[in-house]
Amino acid sequence: MLIAVAGAGYVGLSSALAFAVSGHDVRVFDRDHARVDRLRRGEDPLAEPFVEELLGTFSDMTFTTDPRAAFRGVDAVAVAVGTPTTSRGEADISQLLIVADTVAREAPQCHVLIRSTVPVGTGDRLRREALRRFRVVANPEFLREGHAIEDALYPDRIVGGGDAEDEPLVRALYEQILEQRFPPRGALVPRTAHPRLLWMDRRSAELAKYAANAFLVTKLSFVNEIANVAAAVHADIRAVTEVLASDPRIGSAYLRPGIGWGGSCFPKDTRALVAFAAESGYEFTILRAAIEQNNKQLLRTYEELATELEGRVGVRIALLGLAFKAGTADCRDSRAIALAELFLTRGWEVHAFDPGVVSSPFVPPAVQVKRTAIEAADGADAVVIATEWPSFAALNLEELRRVMRGNLVYDGRCILEPDAVAAAGLRYRGVCPPIPND
Ligand code: UGA
């Protein structure tokens, strides 16, 4: 099939490359000229594993800012443009509406798959308005940044929402992924586990995407809350989460306590779900609480550090981590950056290091970005681990102790061994504190 993908972000680009791996001809449309130029040169604008090598493999793939060149004669369009948050917490679907108008103008009658995360009813609205001549299918994605290609080729499930007669096209489009029959590309080889196509109506598919993210954040806020209780009653949260993780009904993923969840999806999607539920007359109590807990979790870390460093003048913090999670350079809605902003507001100096981030428009200019963790820790009163990069778990603690001015290490991602920190002559504080001796 000939597929046009609108939007060359994480979702669009990984979908496009997965379609190409599956043997389809693919054109990618994006309004961002600089991004399109980079993609034409075979450069990965996202720093995602496998993207650059796949761009090399499919070097004849079309990247264009010209809607006519993108949509003319296609068999299907996949729309993967951003749906950011408005000031009222709702999803802003203006980019989607613009693309829908463009598709309506340029594309032949075909299927339009909505990969973007959109409020329930958006697909129906497009079907009634801009895309009247088209078959509109809700086809939300579930990929994680840092794993975008793997999650596109080896999804847990593929969700399709539309009329019964739309299902065959969607099944054909994803056939090689559903049956794991695509030709191997380096380390990307078909696997034995086959995902299922879960077919439903459009509105359910749209809600399912929000429900999945909302469930994951609720789990994370819950585990952070249990970690706080554990600290208060002198129980060991690591032991407690091990018990939770061993119950298949709970599942072992998303149980690591931390300073909170962030990124370009969780905060935006949870606020949007609360907003469109409220608009439909329903108050989503648990999700509101999960969001509130996430805000409090960050303040808790900040306040604990403020207490620990009370009375010190000219405080310098070594902030380890800037990205919203390990394995990505993305700093959008990063808890690490929110923490840096609180530190700066208090007048503290912040020296930061992140293995994936050299510069980012989201890093406040007052933050000094260093080239190594030790450089950031040099002369610091406290080291704060804010992103769960594995290299931070392997820090040379003796060297850290030698270069620091103070001796406080705050593990905001539960990745250090408190005993090892103490053995290096450092003071451990964090979201997973050990049980006090007496
Ligand atoms: C998330 C979802 O996991 C994807 O399934 C979804 O498709 C995507 O949003 C989206 O809506 O597009 P992503 O934003 O890449 O993916 O982030 P995650 O890997 O889920 O991590 C989110 C946050 O949770 C990070 O801040 C991370 O540090 C935190 N986290 C995760 C924890 O604090 N503890 C954990 O155990 C796991």
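The values are calculated or read from the model by the stated rules, or taken from the named source; none is laboratory data. The structure displayed is predicted, hence computed values, not measured ones. Quick reminder, even Gly has a Cβ in these numbers, built from the backbone with ideal geometry, and neighbours come from all protein chains shown.
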* Need at least 1 residues that are more than 22 Å from Thr328 (Cα to Cα) and in contact (Cβ under 8 Å) with a residue 24 or more places away in the chain per element, so show me which helices (runs of 4 or more DSSP H) inside the range 137-201 make the cut, counting only ones lying wholly within it. => 167-173, 175-178
* Structure fact -> Residues of the range 390-417 being hydroxyl-bearing (Ser, Thr, Tyr) and touching a strand residue (DSSP E or B) at 6+ places or on another chain (Cβ under 6 Å), in sequence order, are Tyr410
* To do: Go over the candidates Tyr282, Tyr254 one by one and state the one that is part of a loop (DSSP other than H, G, I, E, B), surrounded by fewer than 22 Cβ atoms within 10 Å (Cβ to Cβ) and within 11 Å of the ligand (Cβ to nearest atom).
  => Tyr254
* When you look at Arg132, is it assigned to a helix (DSSP H, G or I) and more than 29 Å from the chain's Cα centre (by Cα), yes or no? -> no
* Selection count, the range 340-364, where residues are under 25 Å from Gly82 (Cβ atoms) and either over 24 Å from the mean Cα position of the chain (by Cα) or not acidic (Asp, Glu) (or both) -> 10
* Working only within the range 328-353, note down all residues that are within 22 Å of Gly9 (Cα to Cα) and charged (D, E, K, R). => Asp330, Arg332, Asp333, Arg335
* Any hit, the range 195-205, residues being within 16 Å of the ligand (Cβ to nearest atom), surrounded by 15 or more Cβ atoms within 10 Å (Cβ to Cβ) and over 27 Å from Pro49 (Cβ atoms) -> yes
* Kindly indicate the residue of the range 295-339 that is polar (S, T, N, Q) and surrounded by fewer than 22 Cβ atoms within 10 Å (Cβ to Cβ) and also farthest from Asn407 (Cα to Cα) among those meeting that condition. => Asn295
* Of all residues in the range 285-315, which are in a loop (DSSP other than H, G, I, E, B) and β-branched (Val, Ile, Thr)? -> Val313, Val315
* What is the residue count in the range 129-154 for residues that are more than 8 Å from the ligand (Cβ to nearest atom) and either modelled with pLDDT under 95 or farther than 19 Å from Leu178 by Cα (or both)? -> 8
* Specify the residue that is farthest from Thr218 (Cα to Cα); the eligible residues are those in the range 257-279 that are of a type in the set (Val, Ile, Thr) and within 12 Å of the ligand (Cβ to nearest atom). => Ile259
* Positions within the range 59-69 being surrounded by 17 or more Cβ atoms within 10 Å (Cβ to Cβ) and not hydroxyl-bearing (Ser, Thr, Tyr), in sequence order -> Met61, Phe63, Pro67
* Could you list, in sequence order, all residues of the range 25-44 that are crowded, with 19+ Cβ neighbours inside 10 Å and not β-branched (Val, Ile, Thr)? => Arg27, Phe29, Asp30, Arg35, Leu39
* Structure fact -> When Val118 is run through (1) within 16 Å of the ligand (Cβ to nearest atom); (2) of a type outside the set (D, E, K, R); (3) farther than 23 Å from Ala18 by Cβ, the failure sits at (3)
* What is the residue count in the range 340-349 for residues that are buried (at least 24 other Cβ atoms within 10 Å of the Cβ) and either in contact (Cβ under 8 Å) with a residue 60 or more places away in the chain or touching a helix residue (DSSP H, G or I) at 6+ places or on another chain (Cβ under 6 Å) (or both)? -> 0
* Structure fact -> Within the range 236-250, of all residues that are over 16 Å from Ala214 (Cα atoms) and touching a helix residue (DSSP H, G or I) at 6+ places or on another chain (Cβ under 8 Å), the one farthest from the ligand (Cβ to nearest atom) is Asp236
* To do: Just name the residue that is surrounded by the most Cβ atoms within 10 Å (Cβ to Cβ) out of those in the range 215-248 that are of a type in the set (Ser, Thr, Tyr) and within 22 Å of Ile286 (Cβ to Cβ).
  => Ser221
* To do: Looking at (1) under 30 Å from Glu90 (Cα atoms); (2) β-branched (Val, Ile, Thr); (3) more than 13 Å from the ligand (Cβ to nearest atom), find the lone condition where Val189 falls short.
  => (1)
* Structure fact -> Filter the range 361-397 for residues that are hydroxyl-bearing (Ser, Thr, Tyr) and surrounded by fewer than 18 Cβ atoms within 10 Å (Cβ to Cβ); the one that is nearest to Tyr428 (Cα to Cα) is Ser391
